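Input: a single structure, listed below in C-alpha cells.
Where a number appears in this text, it was derived from the coordinates with a stated rule and is not lab data. In this text the structure is predicted, and so the values were computed from the model without any measurement. When we count neighbours, we look across all protein chains shown, and the Cβ atoms used for this are built from the backbone with ideal geometry, even at glycine.
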C-alpha cells in the first residue's frame, strides 16, 4: 500500500490513469475506498493522484485541531513527493475548500482548477454546518440531510424519481452513519468537521491565476449556487456552470462530467 510520511503524518495515496497530472481532493468524511467511481471517471482521461485526507481512511489521525491550511499542505506535500512541479486540481465539497486553500497558497503550482459544489467560507458564504446534524433526532436528521443533498428531495419527489431515491438513500446512509465503536475514527471525522468550520478564503481568492471552473447544482442545500457565484466573482476569469441537480449534481446531470473532464484535460 503506498503510504509516505509527509507533512508530519503517514499519508495513504494512490495513482491511476494516464494523461495530464491531476490532484483530487475528496469530500467530507469520504475515503478513497468510498470514491472509486469518481476516481475511475477522472482516470479515464487524466493521471490521478488522490489521498485519504488526514484523520480519515488509511491516513494517520494525528492530534487536533486541524486547519484548512493543514489539509492544503498535505496535498502540496504529496505533489512534492511525486515530483510534480505543477498539476491540475479538482475538489468536491470539502475537497473544493481544500483546493481553494491550496490554490491561494501556491498559485504557481496549479495549472487548472475545478471547484465542485463548494463554498468560499466566512460568515456569509459558508457551506451548511454539517456537524449540527448529529445534534438532531435521527428522523429529523434524515429529512434535513435529504433537503441539503437536493432541495427538491421530499417523499413525493423521491417516489416519482427512482434514480434520485437511490442516490438519496446511499448518501444519507453514509453521511449519517456513526463511526461505531472506533473512537479514533470518530475523532478523525470530528477534527475534519471542526476544520471545515474555519474555512474562509474569500479575501484571498483573487490570488488564483489559473483557468478555473466553478460548478454547482441548482438545488444544492449544502453549498448553494450563490456560494459558487461568489467564488466565480472573486477568481479572475473564472467560469461558472450550474447543473440540474443538488450537492451530487455530477451524478444527476449527464452533461456535468463530460464538461468537467473536458475542462481539466484541456
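Listing for the model above:
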{"quantity": "Calculated FRET efficiency for the pair residue 139/residue 209, C-beta based, R₀ 41 Å, to 0.05", "calculated": "0.30"}
{"quantity": "Simple spin-label estimate for residue 132 and residue 262 in nanometres, 7 Å along Cα-Cβ", "calculated": "3.9"}
{"quantity": "Rough spin-label spacing in nm, given labels placed 7 Å along Cα→Cβ, for residue 244 and residue 31", "calculated": "3.6"}
{"quantity": "Dimensionless Rg ratio for the chain, taking C-alpha atoms and the 2.2 N^0.38 Å reference", "calculated": "0.94"}
{"quantity": "Theoretical FRET efficiency, 1/(1+(r/R0)^6), r = Cβ-Cβ of residue 154 and residue 18, R0 35 Å, to 0.05", "calculated": "0.20"}
{"quantity": "The chain: calculated mean residue ellipticity at 222 nm from DSSP helix runs of at least 4, using -39500 (n - 2.57)", "calculated": "-11500 deg cm²/dmol"}
{"quantity": "Simple label model, 7 Å out from Cα along Cβ direction - residue 186 to residue 165, nm", "calculated": "3.4"}
{"quantity": "Alpha-carbon centroids, segment 1-52 and segment 208-242: separation in whole Å", "calculated": "23"}
{"quantity": "Rg(Cα)/(2.2 N^0.38 Å) for segment 24-114, N = residue count", "calculated": "1.01"}
{"quantity": "Cβ-based exposure ranking for 127, 44, 30, 119, in which fewest neighbours within 10 Å come first", "calculated": "44, 30, 127, 119"}
{"quantity": "Packing-based order for 17-23, 101-107, using average beta carbon neighbours within 10 Å, highest first", "calculated": "101-107, 17-23"}
{"quantity": "Packing-based exposure ordering (other Cβ within 10 Å, fewest first) of 41, 48, 171", "calculated": "41, 171, 48"}
{"quantity": "Gained length - residue 233 relative to residue 82, 0.36 nm times residue gap less alpha-carbon distance", "calculated": "51.1 nm"}
{"quantity": "Exposure proxy order (Cβ contacts within 10 Å, fewest to most) of 250, 94", "calculated": "250, 94"}
